[in-house]
1. Please work through the chain and write down the cysteines that have no neighbouring cysteine Cβ at a distance under 4.7 Å.
2. Would you mind giving the average projected area, over all directions, of the Cα convex hull of segment 2-175 in nm² with one decimal?
3. Taking all pairs of different Cα atoms in segment 122-197, averaging 1/r and flipping that mean, what Kirkwood radius in angstroms comes out?
4. Loop only per DSSP, at most 13 neighbouring Cβ atoms within 10 Å: give me the GluC sites (Glu not before Pro) in segment 721-755, ordered by residue number.
5. Would you please name the trypsin sites (Lys or Arg not before Pro) within segment 486-572 that are DSSP coil residues with at most 12 other C-beta atoms within 10 Å of their C-beta?
6. Roughly how many debye, to the nearest 20, is the charge dipole of segment 2-175 about its Cα centre, given +1 on each Lys and Arg Cβ, -1 on each Asp and Glu Cβ, and no other charges?
7. Between segment 174-200 and segment 83-161, what's the alpha-carbon centroid distance in Å?
8. Over segment 210-450, what lengths in whole Å, largest first, do the semi-axes of the equivalent ellipsoid take, defined as the square roots of 5 times the eigenvalues of the alpha-carbon gyration tensor?
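What follows draws every value from the coordinates through simple rules; no lab data is involved. Predicted model only: the values in this text are computed from it and were never measured. Counting neighbours? That spans all protein chains shown, and the Cβs are built from the backbone with ideal geometry, glycine included.
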Amino acid sequence: MKQLILLIILLISAGTGFSQSHRAGSPIYMNDFVINETSEKGSLAWFYPRHTPKTAQQLEKVEFGISLPKTVMEKVNAFLSAEGVTDMGLNPFDRNDIDIEATFTHNGKIVKRNEAFYFTEFRRDLGNNRWWQDTTSYNFRIRHAPEFTGEYKVDVRIDIRGLETISVNSEFVVQASDNPGFLESGKYKKHMRFSKTKETFVGVGQVIPWVFDNSGQLDEAAGPVSFMVMYNSFRKLKQSGGNFTRMVAAPWFLQLEWESLGNYEPKMGQAWEFDRMNDKLQELDVYFIFCALLHSPFESHPGEGAPNQEISWESYCYNQMDLTKSETACEPDVLCTEPVDFFDNEVALNHQKNYFRYFVARWGYSTSVAGWQLISETDQLHNYRDERVEDGTMIDHSENRAKVNKWVDEISSFMASECDDQHLKSTSLITGRNYSSYMWDPALFELEHINFVGQHDYVFEMEPSQQNVRNRNLLRRYNSVNNLGIGLEQGEITHPKYQKNMFIYDEFGHVPVIPRAYPEDKDDDPVVAFNSCADFSFKQDLWFTFASGCAVAGLDWWNEHDRNRHAMWKRYFPGMNKFKEDIDFETVNYTKVREAKGETYIAQRWPLRRKDITRSNNDSYRKSDLLEAYIQVDSLDQQGFGWMMNRSFHWGNLVDSLSCISDLAKGEGEFARPYLYNPMDDDEVAKPITIEENEAFIRVYKVKPRTEFTIDFYDTESGEIIKTVETRSSLFGTLKIVSPEMKPSERYDLAFKFYDSGLGWR
């Protein structure tokens with residue numbers, strides 16, 4: 001309790017503005033409707049904007065309330081108050097029981113169809129870490145963000161099982177606002193833009209995925225106090241110049257259908273709080289991807305005592321043998337016995353359409369929603385990948401992958417067509433075939449309504465070391481961006497449709513997974529410690545993602561609520577924002593597919609070939625080995641930009657200069673054993689090298705030949721130009737860029753822009 005009180009005091013003093021409970025606004029009556037069978041009346045009311053009834057702002061929230069007659073609500077309450085499996089009453093979350101649709105007309109043309117959703121009013125009680133249900137007579141709400149100015153008409157159709165269809169309508173006026181619109185695919189597909197202004201948008205930020213309660217019960221909904229911590233992190237993100245994050249529904253955070261099949265009432269308090277969170281994010285101009293399903297319940301069956309045991313398939317309401325059945329009302333069991341049945345059962349699919357429909361109906365109005373992800377880490381699902389058994393036999397699971405693929409297609413199509421949702425859509429992956437960037441099911445990202453590739457890619461510290469650390473971006477992550485951006489399979493373009501999809505590294509980080517020493521290190525987490533210490537790693541991730549062609553810069557996982565991580569945001573986001581100010585992905589095309597040195601790419605890396613990357617491992621550096629770089633060149637070969645880094649600057653060479661790294665690598669200080677091991681691509685040198693003026697260079701291929709180019713070098717923290725040079729491209733269109741001095745203690749990386757001197761930067 002002391003910790004809880006301290007947290008509330010800190011949040012109030014920090015000025016989050018969320019210490020007081022929200023009070024509901026009063027509805028403004030608009031029109032009546034009548035149920036013919038009972039002659040009872042219901043009504044349509046205006047809720048938002050509160051102070052300007054029947055007048056709204058362009059692309060801002062409009063909210064209506066529907067009050068259903070007493071006999072209907074009695075049937076709704078009969079369902080919600082039942083215990084266990086029931087066929088009593090009407091399920092307000094099931095579109096087959098109650099289906100309310102609003103059609104919005106502007107200048108005589110239908111412009112949008114939005115579904116209504118069941119709503120419960122609450123008030124927040126931070127002292128007791130709970131929400132108290134408040135009163136409302138308008139338990140169904142309709143939300144919309146009108147795209148056009150002028151007069152609107154809204155026609156509401158109400159279908160209730162067992163009754164005739166009911167209609168009600170009203171009008172309102174929309175005034176101009178400065179909201180730039182929803183995020184959509186840009187002109188050249190690889191980046192985002194605003195729907196109204198058509199201006200380029202580049203996300204910069206970090207994953208702030210969810211809340212955690214102190215109870216540690218992952219299968220129980222977290223209370224409002226944990227949400228206050230998220231609000232604080234969003235505010236810190238905005239203050240630092242961040243504008244993008246990603247959230248993931250989980251049983252303890254907004255996975256609405258977990259406790260009871262078809263009944264979301266146990267999460268209605270969280271849904272109410274998420275309304276407030278959406279309002280705050282729109283106020284802050286922070287955009288987010290929302291992932292609606294966590295993969296953990298669909299993974300392999302855990303053994304006794306395994307991590308996340310309480311959020312396994314055995315505890316999921318879709319499992320016919322659910323071991324944790326709730327006493328709250330639920331629909332009859334779905335005949336699912338294995339995780340893959342979730343994706344291949346018609347009754348289950350009907351429930352899932354209700355689930356995704358609810359998200360779109362309640363939060364699809366929000367211009368802060370950058371996109372929906374259907375599920376996290378698709379290739380982690382049980383029996384998704386082929387597997388080799390003890391006798392060496394390979395078990396083919398392509399049939400399961402086909403079921404998942406069909407499910408993704410059907411749900412994304414349902415959201416786009418029946419829910420009239422225009423947000424970007426995706427699913428995500430964590431590792432491909434043979435732990436590469438080649439996907440088990442390439443057709444997954446060729447589906448009509450899938451707009452971006454979402455990839456997770458962690459560097460796992462193992463004992464002994466099993467992954468590249470020094471060249472992690474050059475050898476691991478670049479391949480993902482390049483292969484999944486172009487559609488490469490073994491060097492050949494086999495999936496050209498990928499070139500119409502953007503690439504987002506929406507989750508990645510550095511994870512020591514070496515088992516902790518117990519009880520010595522029980523309270524000292526090496527993952528948290530490394531990610532609090534390694535700000536250089538965070539910075540590399542930020543600039544690598546941007547310079548290699550990702551639509552969002554950053555999105556690391558870990559330590560999102562930690563003060564050290566907030567300090568990294570404050571230190572590194574401003575330089576990135578200033579550098580990208582005049583990079584316009586709408587007027588300049590950076591998506592041309594090129595070929596050089598036998599490599600196919602959109603964004604070039606340096607060194608380009610794998611053999612040149614690994615040449616300096618356990619050997620002396622050459623001038624062409626000292627730098628790693630990622631470069632984008634426009635389609636006319638006249639200009640480009642990129643980022644370069646001293647390749648010797650990585651944790652393996654910082655052990656003697658950073659005590660927090662030293663303790664983790666040597667098992668000293670707080671730690672009873674080592675949690676970092678020398679990387680597979682170990683350096684010959686033991687500390688970062690100082691790069692002198694004119695000592696190191698990179699080459700950019702396929703620019704205009706025999707042309708004078710201007711090169712501006714930028715400090716990555718301030719975003720200011722620190723040096724400008726002139727040089728000339730070769731007869732074959734190769735531009736040699738020689739780096740300025742790079743002392744590890746002062747500057748270990750640089751950003752740069754180059755352009756035809758006669759034309760200038762566009």
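1. Singleton cysteines: Cys291, Cys317, Cys330, Cys336, Cys419, Cys550.
2. Values: hull surface 50.9 nm².
Directional mean of the projected Cα hull area for segment 2-175 stands at 12.7 nm².
3. Values: mean 1/r = 0.0580 Å⁻¹.
Mean inverse Cα-Cα distance, inverted, gives 17.2 Å.
4. Glu746
5. Here the trypsin sites (Lys or Arg not before Pro) that fit, given the DSSP loop and packing criteria, are Lys522.
6. Numbers: 20 positive and 22 negative charges, 150 e Å.
Dipole magnitude for segment 2-175 comes out near 720 debye.
7. Answer, in whole Å: 27.
8. Numbers: eigenvalues 164, 95, 70 Å².
Equivalent ellipsoid semi-axes, largest first: 29, 22, 19 Å.
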